[in-house]
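To start, the structure under review is shown below, and the notes come after it.
The values are calculated or read from the model by the stated rules, or taken from the named source; none is laboratory data. Worth saying up front: this structure is predicted, and the values here are computed from it rather than measured. Don't worry about glycine lacking a Cβ; one is built from the backbone with ideal geometry, like all the others, and counts go over all protein chains shown.
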Amino acid sequence: MGKWVDGTGTLTVAALDVPLEVAASYRARRRGLLGRDGIAGALLIVRTNSVHTFGMRFPIDVAHLDGSFTVRSVVTMRPGRLGMIRPRGRHVLEAEAGAMAEWGLEPGVRVRVSYGRVTEAPDRAG
């Protein structure tokens with residue numbers, strides 16, 4: 001897979017396209033959704049296998065993805081929580097609580113990430 005960069009794009013779940021923000025730099029990954037009151041769509045935090053919600057203003061859905069962009073787990077986290085480390089996780093998707101169920105995102109579902117001019121193809125290395 002090519003080098004990840006911060007940006008915007010599309011998350012495709014089955015036939016549904018969802019607006020996507022990509023957090024690839026250290027600064028963007030560390031900031032995540034902190035200081036926001038919500039998000040339209042989802043945030044993909046690349047190269048991580050855990051997140052926290054300290055300082056968050058709203059509950060979020062968190063999906064852990066493996067290197068082939070297959071969902072390993074989906075949990076809802078309230079503000080002020082520390083998420084579990086997912087050893088096989090390579091990336092994390094975050095969205096407002098309840099959104100992922102509406103999209104049909106559940107363990108075993110494979111998603112597609114497109115952003116910029118490049119569609120990121122799944123890899124095995126993560």
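Values computed for the structure shown
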{"quantity": "Looking only at region 26-38, and only at residues there that are part of a loop (DSSP other than H, G, I, E, B) and under 24 Å from Gly67 (Cβ atoms), the one that is modelled with the lowest pLDDT", "calculated": "Gly32"}
{"quantity": "Residue match in region 47-66 (condition: closer than 22 Å to Ala15 by Cβ, surrounded by 14 or more Cβ atoms within 10 Å (Cβ to Cβ) and without any contact (Cβ under 8 Å) to a residue 40 or more places away in the chain)", "calculated": "no"}
{"quantity": "Filtered residues of region 90-126 (kept if surrounded by 14 or more Cβ atoms within 10 Å (Cβ to Cβ), over 18 Å from Ala28 (Cβ atoms) and modelled with pLDDT of 95 or more)", "calculated": "Glu96, Ala97, Ala99, Met100, Trp103, Leu105, Val109, Arg110, Val111, Arg112"}
{"quantity": "Residue in region 7-20 that is in contact (Cβ under 8 Å) with a residue 24 or more places away in the chain, touching an Asp or Glu at 6+ places or on another chain (Cβ under 6 Å) and more than 14 Å from Val92 (Cα to Cα) present", "calculated": "yes"}
{"quantity": "The lone exception for Asp61 - which of (1) in contact with a helix residue (DSSP H, G or I) (Cβ under 8 Å, 6 or more places away or on another chain); (2) more than 19 Å from Gly35 (Cα to Cα) it fails", "calculated": "(2)"}
